[in-house]
């Protein structure tokens, strides 16, 4: 009994596509953006698939990091507002200033998240 080995794409039929230098440049840029080779990108598109952009994945990761920051800041704020014993030495003025700083940081983080979402929508 003989084993059959899988045929690789390089052993099969190529398809030649004639493009202008500008079109080739655009295809190459899109391939890099999606993390594919030009051949892989064109095969995907030719088979009716839309390759996901690696930029989208990077943006999702960035949003997840920002969301984690929001969670940590929210936890810190909750700890202060519930009069956690670790803050017993803070006087009212220190506590107010600290809470204002945290609230400001939460607003900055929300704006960073919004800016990133707007950037993703624009691409």
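The values are calculated or read from the model by the stated rules, or taken from the named source; none is laboratory data. Given the structure is predicted, the values throughout are model-derived calculations rather than measurements. Every residue, glycine as well, gets a Cβ built from its backbone with ideal geometry; the counts of neighbours run over all protein chains shown.
Here are some notes:
- Among residues of the range 1-25 that are free of Cβ contacts under 8 Å to residues at least 40 places away in the same chain, none has a beta-carbon under 6 Å from a residue that is surrounded by fewer than 10 Cβ atoms within 10 Å (Cβ to Cβ) at least six positions away or on a different chain.
- All conditions but one from (1) at pLDDT 80 or above; (2) in a loop (DSSP other than H, G, I, E, B); (3) exposed (fewer than 14 other Cβ atoms within 10 Å of the Cβ) apply to residue 22; the one that does not is (2).
- Some residue of the range 67-78 being over 23 Å from the mean Cα position of the chain (by Cα), at negative phi and without any contact (Cβ under 8 Å) to a residue 12 or more places away in the chain: yes
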